[in-house]
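Structure first, commentary second.
The values are calculated or read from the model by the stated rules, or taken from the named source; none is laboratory data. Computed from a prediction, not measured in an experiment: that's the story for all the values here. Note that we place each Cβ from the backbone using ideal geometry, even for glycine, and neighbour counts take in every protein chain shown. When the accessible area is computed, the model is the full protein with side chains, heavy atoms only, and any ligands, DNA or RNA have been set aside. Shrake-Rupley method; radii C 1.70, N 1.55, O 1.52, S 1.80 Å.
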Amino acid sequence: MKRKQFIKTFITGAASMTALTAFRSFTGDLKEQEQVMPVLFIGHGSPMNGIEDTAFSRRWTQMAKEIPTPKAVLVVSAHWFTKGTKITAMEFPKTIHDFGGFPKELFEVQYPAPGYPLLAKKTADLLHSAHVELDHDWGLDHGTWTIVRHMYPDADIPVLQLSIDYTKGPQYHYDLAKELYSLRKKGVLIIGSGNMVHNLRMAAWNRLNEEQYGYDWALQMNDKFKQLISNGDYKPLINYESMGREAMLAIPTPEHYLPLMYTLGLKGDKDATSFFNDKTVAGSLTMTSVKLG
């Protein structure tokens, strides 16, 4: 190994060990706390929100200031769709650029938050309804880092991802989420990351920058989803395929919708419901997001 390369490797390794020691000292063993962490569903939209100063990214930054600082963040992202359930269990998850056709600057982004192997193992143990595989290959995809880098730009809070088992339906994911509730008591911020209305095939890209442009069916379903969530009437949301043609236009495929099931499944009896980033984009996408607690 050349001297210059050796020095670079040594410094990088030393920095990583320092960061690892710091976050272990910060988190320690997760204990129950008096204040229960809220749970979020966030419409993440375009990967460009990860690097641009938009109304959406500014609201993510503000949200982090409004809620307690978490001991760790666990994200259920629309972009990790697997057979079976997996959780990232590495000490330093890589930043995944799982998209194409975007500017070079987006591909250059690195979000070097630590992982949390101990929490991964404890989370897997909590999920009695599923066999959870501890994963060391995935990392943080854009459904996670585009949001979290605005919320916690110092990358000093451990971040994990839980995958979505594509062989299971909404009821399964809603019920599985309930088994994660105790993590809220231990300071873990759980985020479902997707979009309630997400139909890329019908997107009006020529009207992307038009404020609040939405097709009638998209606006109708966005309002319907909000009404049901506000009323705590989750059964129609779980059985969305029975909600008619408009629902199937809003959810032509389930991956961006299923993270909402995790957020709703984690609702506590005393949690208030509020919405943010309630906007329609390009006709057939909504950024509407939910805070419970």
**Prompt:** Taking the condition under 17 Å from Ile157 (Cα atoms), surrounded by fewer than 22 Cβ atoms within 10 Å (Cβ to Cβ) and out of contact with any Gly (no Cβ under 7 Å at 6 or more places or on another chain), does Thr82 pass?
**Reply:** no
**Prompt:** How do the pairs read when you match residues in region 121-139 that are assigned to a strand (DSSP E or B) with residues anywhere that are open to solvent by 70 Å² or more (accessible area, probe 1.4 Å), using Cβ under 8 Å and keeping only pairs 6 or more apart or on different chains?
**Reply:** Leu134/Lys121
**Asked** Could you say which residue among Lys65, Lys94, Lys86 is within 19 Å of Leu126 (Cβ to Cβ) and modelled with pLDDT of 95 or more?
**Response** Lys86
**Request:** Select from region 198-220 the residues that are open to solvent by less than 50 Å² (accessible area, probe 1.4 Å) and in contact with a Gly (Cβ under 8 Å, 6 or more places away or on another chain) and list them in ascending order.
**Result:** Ala203, Ala204, Tyr213, Gly214, Ala218
**Request:** Taking only region 222-246 into account, find how many residues are part of a helix (DSSP H, G or I) and in contact (Cβ under 8 Å) with a residue 60 or more places away in the chain.
**Result:** 7
**Complete:** Of the residues in region 268-281, those that are in contact (Cβ under 8 Å) with a residue 60 or more places away in the chain and either farther than 13 Å from Gly43 by Cβ or not in a loop (DSSP other than H, G, I, E, B) (or both) number 5
**Asked** Which condition number does Leu162 fail, the rest of (1) open to solvent by less than 10 Å² (accessible area, probe 1.4 Å); (2) touching a His at 6+ places or on another chain (Cβ under 6 Å) being met?
**Response** (2)
**Request:** Scan Asp175, Asp156, Asp223, Asp233 and give me the residue that is at pLDDT 95 or above and in contact with a Ser or Thr (Cβ under 8 Å, 6 or more places away or on another chain).
**Result:** Asp175
**Asked** So Trp80 fits all but one of (1) at negative phi; (2) not in a strand (DSSP E or B); what number is the exception?
**Response** (2)
**Prompt:** Which of (1) of a type in the set (Ser, Thr, Tyr); (2) within 24 Å of Lys185 (Cβ to Cβ); (3) open to solvent by 10 Å² or more (accessible area, probe 1.4 Å) is the odd one out, the single condition Thr88 does not satisfy?
**Reply:** (3)
**Prompt:** How many residues does region 107-139 hold that are among the hydrophobic types (A, V, I, L, M, F, W, C), out of contact with any strand residue (DSSP E or B) (no Cβ under 6 Å at 6 or more places or on another chain) and open to solvent by less than 10 Å² (accessible area, probe 1.4 Å)?
**Reply:** 1
